[in-house]
1. Taking the solvent-accessible surface of protein heavy atoms with a 1.4 Å probe, what is the per residue accessible area of the chain in Å²?
2. Relative contact order for the chain: what percent, with Cα pairs under 8 Å and sequence separation of 6 or more?
3. I'd like to know which of N191, W121, G131 lies farthest towards the positive end of the charge dipole of the chain, counting +1 on Cβ of Lys and Arg and -1 on Cβ of Asp and Glu.
4. For T175 and K216 in the same chain, what is the full-extension length gain: residue separation times 0.36 nm, less their Cα-Cα distance, in nm?
5. Rolling a 1.4 angstrom probe over the protein chains, ignoring ligands and nucleic acids, what is the accessible area of L295 in square angstrom, nearest 10?
6. I'd like the carbon and sulfur percentage of the solvent accessible area for the chain, probe radius 1.4 Å, heavy atoms only, ligands and nucleic acids excluded.
7. Going down the table (K102/K227; K138/K174; K102/K292), which pairs top 29 Å between alpha carbons?
8. Keeping all protein chains in the complex and leaving out DNA, RNA and ligands, what accessible area do you get for H264 with a 1.4 Å probe, in Å² to the nearest 10?
Amino acid sequence: MRPGPVSTEPRRSKPYQERNSYRCRIFDGQGGQSSVKATSEQDAIDQAEEVLRCLRSERHEVTVEATIKQYENHQLDATENKPRSVITTTIRLRRLFSATAKEAEAEVELGRPLAGLSPRWCERLYVALSGRPCAACKHVSPLGLRACERCGGADLGEPQMAADTHRNMLAEAKTFLEWCMAKPRRWLSKNPLAEVKGVGKRNKGKKQLRADEATKWLEVAFQLADKGDDRAVGALMTIAMGLSGEEITQRIVRDVDLKGTMLHITDGKTEERRKAVPIPPDLRPYIARACKDTLRLFPTSEG
């Protein structure tokens with residue numbers, strides 16, 4: 001078979017039979033070609049698509065962080081979503097895709113290739129937000145288990161996020177990955193979060209905001225924060241960082257660390273609540289403004 005024409009994007013040929021197997025040719029878009037062989041047509045297609053996915057990722061240097069930024073720009077330019085709603089989605093995506101990172105390693109985690117997001121790894125990311133940490137070994141096990149899947153310990157703590165919060169994050173991340181799969185991008189051949197199911201019961205005991213109501217709430221909160229209202233900053237931290245009101249009001253200025261990129265929680269009610277939480281880039285200017293010559297980050301009437 002003669003080589004196919006050179007194209008600007010990697011592509012594959014249709015599978016063709018070769019004795020007792022099927023072969024697909026792959027054109028890298030720069031004049032080179034290779035092939036994969038399998039026992040069935042569909043297996044040949046799947047293998048070829050996997051190679052194409054890696055080629056596209058390498059060609060465009062598609063990292064998780066770079067893709068999130070492109071998705072943010074797409075939402076701002078091509079959808080009717082309001083800017084503050086887009087920012088909140090971006091914050092949530094960064095939080096989920098760096099969920100297994102420790103303290104200052106979030107940026108490194110987000111620098112991973114998008115093509116490296118396997119179904120197994122994505123499941124671990126969601127478990128990191130929705131699972132229960134072991135008091136003995138700190139490993140986070142899926143919510144339904146009664147004992148730690150690593151050490152067998154039965155002393156499991158509570159999830160670091162409410163079910164509503166991490167289930168909403170999961171839904172937004174699935175939508176984001178579907179966008180990565182769509183034309184003309186095709187950076188992913190399959191959605192690695194497709195089979196991950198949300199866990200935990202949603203809070204039905206209190207009235208939840210509708211999507212439009214939540215968007216309006218975020219807009220007002222950012223407007224108030226822009227005007228210097230630190231109470232609005234605290235409210236935004238509950239959504240963007242998954243913190244409780246008490247965890248926010250108890251913070252002191254020295255808890256803001258690593259040039260304003262990390263917030264230490266030192267007095268949580270349980271061991272798993274005592275942690276360092278990355279401060280989302282969109283909130284850093286507001287929290288930096290709150291670092292005044294006072295003991296508390298957000299002073300109250302009681303001090």
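1. Details: 17330 Å² over 303 residues.
Computed with neighbouring chains in place, this is 57 Å² per residue.
2. Values: 439 pairs, mean separation 38.0, N = 303.
It rounds to 13 percent for the chain.
3. Final value for the positive-end residue is N191.
4. Working: separation 41, 0.36 × 41 = 14.76 nm, distance 2.13 nm.
Length gained between T175 and K216: 12.6 nm.
5. 120 Å²
6. Working: 8620 of 17330 Å².
It is 50 percent, rounded to a whole number.
7. On the way: K102/K227 33 Å; K138/K174 27 Å; K102/K292 27 Å.
Flagged as over cut-off: K102/K227.
8. 50 Å²
The values are calculated or read from the model by the stated rules, or taken from the named source; none is laboratory data. Computed from a predicted model, the values in this text were never measured in an experiment. For neighbour counting, all protein chains shown are included, and Cβ atoms are generated from backbone atoms with ideal geometry for every residue, glycine included. Quick note on the areas: whole protein, heavy atoms, side chains included, nothing else; ligands and nucleic acids left out. Shrake-Rupley method; radii C 1.70, N 1.55, O 1.52, S 1.80 Å.
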